[in-house]
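To start, the structure itself, in structure tokens.
Please treat every number below as a calculation from the coordinates, not as lab data. Quantities reported herein were computed from a predicted structural model and do not represent experimental measurements. Don't worry about glycine lacking a Cβ; one is built from the backbone with ideal geometry, like all the others, and counts go over all protein chains shown.
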Amino acid sequence: MLVPRIFRFILVWVICVYFGFSCLAGTKKPVTDTLVERLLNQSKYMEVSRLILTKLKNKSNLDNDHRLYYSSRLSIAQIRLRNIDTALLLARQAFALSKLSKDSSLIVDAWKALAYSYNNAGNLDSALYFTRKMMLYGERSGDQKLTRNAIVSISSLLSQNKRFEEALHYSRNADQLTQKINDSSSFSLCKFNIGLIFLNLNQTDSCLYYLNKSVKLAKKMQQNDLLIYNYGTMADLYLQLKDYKLQKKYLLLANSIAEKIGNKQFLAMGYCNLANGALDNNNYPEALVYGEKALALLKEQPFPVLKMKVDSMMCAANKHMGRFDKAFPFLESFVKEKEKQVSERQQTQLNELMVSLQVREKNLTIANQQLYLSRNKQNIQVLTLVIFIILILVFGQFLYIFKTRKFRNELFKKEKDLDRQSSEFLTYLEWKKTNNVDIGTDAKILHLEGLHEETKPAHVSQAMLFAELREAFEAQKLYLDPELNLKTVIKVLGTNKKYLYQAINENSDNFRSFLNRYRVDEAKRIIEHKIRRKEELNLSELYVPAGFNSAVPFYRAFKLLTGLTPKNYADEVRREVKQEASRKG
């Protein structure tokens, strides 16, 4: 192998991120940092990390969206440096910050950082979950470029986890969508991704077919970076076929383009691959030549992981040539670089942990403030609701009182009308007594009040008997006797039970109701008399002078017959007296 597989996958990710996602969400990002983006495009991940850490330490000058942007970018940089735990921590911070952002491009960046971090941490399900969120967001928003880029990412995730058949399906979908939206800048990348998957499936003919198409498109669009990856992948293909001549040819082609565009890191990687190929072919002198060229470039632009690989190859080549004295310094350099990387990684992780804690502290403060505001808002809402309910209850109570008062007033007026009718009957009795009117006159009166000529004599006699009953009650005040019963009334009237029942049933409800009406009317007269004369009124003792033998039947009969309680009736009388006084005044 010319390059460890993990490096090849990392380089593919770089292409997908900074070639395909450069137009993420199809819109211009409102929050960005030109220097950070340039360093990322130049693969200077250590410099990016230091720059962002410095900015995050000065967090007072950063709003939520800028902290979200830098956390996402720092997570990507740490993935490239293989600090996966740190990258995942930063990606989770970015995701938490994204919940407070309204910038959709930054929110998608946070999903992307989480997807890459989970993938490199070996959690494929979570990585695919967040990448699919990006894809679904693109479909919902109608952003076909974002959807295509998410599909490319899903394909790369599946490839890294050796699910090549699924990855091929997604890559072909991405290619079709690219053709549909006519994104010419991505034609070559899509063909390259399909060719790379065929390489992993060991389908060399299909791999070469798509890589050659990608090369033609990349040349047409002058995409030199992509040409380098194409030639490097072709070299890997011929390495699998053990065709070392063609392998070297394509590596030299890749190097010539890297030298042309001045990308020393790609050039160093190319020489490293050439050295590795020479070492595999036991061509140790050639391996040393290419190794020296790679080390010279790595002095100008350090890439620690690549330098460790070159040191190990230089050590191996010298050992095979019996030059142990020259092999030993490379071994020392390898060990020293490894220890340095471990130390730097630990320090970086410590710094990032401090930044993470500071960010979490600030986020906690913001969350507490938001919780306080939310609780205040809830309290205000609850208070408003309570006041509203109280107002409704007060209004309902007022309406109830108003309607009740109106209803009581109507009942009181009805009772007053009944009192007037009783008064007229008393006046009639007085007139009858004064003028010695006989019972025949009663019959005529009854006739004038509604009895027809053809009315049967029995009915007339019942009406006459009922009139005598009323006359006896009014004249003798029989109802004031608490022990009054039907037998006593029969004796007073000189009739029998049957006739009296018929007379009462024809002209009233029943004897008890007839009797209680007289007693209630008496209670009403007492109430009105005492109120008008401003005498003390004790309602609890009113049942005795009204003819009841206890308070309970009195209250029940009063309410049943008038619709009012004694107190309600007394209140209405007082109100009437006040109105009369005000009219007089």
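At-a-glance table
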item: Order of Trp431, Trp111 under a 10 Å beta carbon neighbour criterion, fewest first; result: Trp431, Trp111
item: Global geometry of the range 524-585, whether rounded, prolate or oblate, following the gyration tensor of its Cα atoms and the 1.5 cut on a/c; result: prolate
item: Per DSSP, loop trypsin sites (Lys or Arg not before Pro) in the range 141-192 with at most 10 further Cβ within 10 Å; result: Lys162
item: Net charge dipole size for the range 70-146 [Lys, Arg +1 and Asp, Glu -1 on Cβ; Debye, nearest 20]; result: 80
item: Those GluC sites (Glu not before Pro) in the range 505-559 that DSSP places in a loop and that have at most 16 other beta carbons within 10 Å; result: Glu535, Glu536
item: Virtual spin-label span in nm between Lys414 and Asn510, 7 Å along Cα→Cβ; result: 2.1
item: Approximate spin-label separation Lys99-Lys245, in nm, with each point projected 7 Å along Cα-to-Cβ; result: 6.3
item: Cα shape, the range 171-225, gyration tensor, a/c 1.5 rule; result: oblate
item: Relative contact order (percent, whole number), the range 171-259, Cα cutoff 8 Å, 6+ residue spacing; result: 22
item: Lysine pair count for the range 449-581 [Cα-Cα under 14 Å; pairs on different chains or 8 or more apart]; result: 7
item: Per-residue Cβ neighbour rank within 10 angstrom, fewest leading, Glu166, Glu415; result: Glu166, Glu415
